[in-house]
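Participant: Got a structure for you, written out below as structure tokens; questions coming shortly.
The values are calculated or read from the model by the stated rules, or taken from the named source; none is laboratory data. Keep in mind that what you see is a predicted model, and the values were worked out from it rather than measured. Virtual Cβ from ideal backbone geometry, glycine too; neighbours counted across all protein chains shown.
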Amino acid sequence: MFSSLYYMKPKEDPSYIELFLSFFWIGLTGFGGLAMTAHIRKHIVDKRKWLDANTFDSGLALCQVIPGAIVMQLAAYIGLKLKGIRGAVVTFIGFGLPAFLIMFILSVLYKQSQNISGVEMVLSGLRVVIVAIVANAAYVFGVKNFKNVNDWVIAVIAAGLFLTKLHPFLVLLIASLLGLLLTRKESPATAKLSSARTFRFFLILILVVAVCSTILFFVNKEYFTLATIMLRIDLFSFGGGLAAMPIMYHELVDLFGWFDQKTFMDGVILGQVTPGSIIISATFFGYMHFGTIGSILATVCVFTPSFLILMGIIPFFDKLGSYPQFQKVINGILCSFVGLLTIVTYRFTVDIHWNLVNVLFTLAAFALLVRKVDVIWIILGGILLSFVM
């Protein structure tokens, strides 16, 4: 029914299996949170040429301004552009599945040992790699999107605002206004989707969520509480997975008291060293309090709003794409994204105990990424560094 949606036909039309396997691999090798956007772009735009750069960048800008996990929404957006609604479901699941499986295994191991010292020892080198990955992402998007000095000005102002911990939504609003005022040239319009069926699918999903939530309320109120917590966390997390952590802490530690501070921080650390969005920590918290069913329920619910909002807003976003002023707003948001990646790089850097080996390895990793060496080799090098040190 929904597969007949008019999607943008890529230069090389992938099958659903090829699409799933590609995004499963991207999800398995994607580290660094927001930096994964550069990893996705490399595979989808540069290597496979399934999507043109302008359509990808417009989708990234959209995913940045709406609440939820940015990289998960971006995966769904690409699937929607390539293969319609079914494609969005395939890429969304394919991208998120590796992170869920890895986090589930780590959660089981943690519950048995009640500490993450072993995981920390093995994966500590990955934190150094993540710094290089995020820095490279900032470099890639800067090179791709900066056309003149005004773009640099927007990025610097946005970086300064992010550094002050101003709410991400307000930063994006300011960046949008700066883009409208300072962008000199308009970008070409993005390809459009058939809006009616996408919005119909969104309404059906809303109904399904409402019905499932009602059933859960009467069957098991504890599961209902977990589900609604995770739905709220994703719904109000502007700025990606990192923005969800304070909300998650308030709900799980302060409000419901399900975890102490140490357990919560351990879950966040595991989320950082796991591929995919850091919001996958929800799998850990669901498992620790409710077991296997809780881990699945928490994971599904913490990503559901991301998918729902994207499906609901895409029809209107595509209609706006033909307006030159809107393209200037998009440019401002993309410039602010470079600023955000720069600040994330800085914050990751502060949390690392630096020595000569770490500095040299980070510089080497960054140089290799700039030369487009596959990130999986960099990750393996980080794990090897952990063993050596």
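Participant: Would you call F259 in a helix (DSSP H, G or I), touching a helix residue (DSSP H, G or I) at 6+ places or on another chain (Cβ under 9 Å) and at negative phi?
Facilitator: no
Participant: To continue, here is another question. How many residues are within 21 Å of L28 (Cα to Cα) and modelled with pLDDT of 80 or more when one looks only at the stretch 256-269?
Facilitator: Total meeting the criteria: 1.
Participant: So, one more: From (1) out of contact with any Leu (no Cβ under 8 Å at 6 or more places or on another chain); (2) part of a helix (DSSP H, G or I); (3) surrounded by fewer than 20 Cβ atoms within 10 Å (Cβ to Cβ), pick out the condition that doesn't hold for K372.
Facilitator: Result: K372 fails condition (2) only.
Participant: Also, I was wondering about something else. Taking L51 as the residue in question, decide whether it is in contact (Cβ under 8 Å) with a residue 40 or more places away in the chain and in a helix (DSSP H, G or I).
Facilitator: Judged against the criteria, L51 is not a match.
Participant: Can you tell me how many residues within the stretch 163-181 are modelled with pLDDT of 80 or more and either surrounded by fewer than 19 Cβ atoms within 10 Å (Cβ to Cβ) or of a type in the set (F, W, Y) (or both)?
Facilitator: 8
Participant: Would you check if there is a residue in the stretch 334-344 being of a type in the set (A, V, I, L, M), free of Cβ contacts under 8 Å to residues at least 24 places away in the same chain and surrounded by fewer than 23 Cβ atoms within 10 Å (Cβ to Cβ)?
Facilitator: No, the conditions are met nowhere in the stretch 334-344.
Participant: Could we say that K47 is farther than 17 Å from F337 by Cβ and at pLDDT 80 or above here?
Facilitator: Considered against the rule, which asks whether it is farther than 17 Å from F337 by Cβ and at pLDDT 80 or above, K47 comes out as yes.
Residues are listed down the side, and each one gets a yes or a no for (1) of a type in the set (S, T, N, Q); (2) closer than 23 Å to A88 by Cα; (3) at pLDDT 75 or above:
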position	(1), (2), (3)
V300	no, yes, yes
I313	no, yes, yes
F316	no, yes, yes
K319	no, yes, no
Y323	no, no, no
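Participant: Which is closer than 29 Å to K144 by Cα and either part of a helix (DSSP H, G or I) or not β-branched (V, I, T) (or both), of G312, G286, G294?
Facilitator: G312
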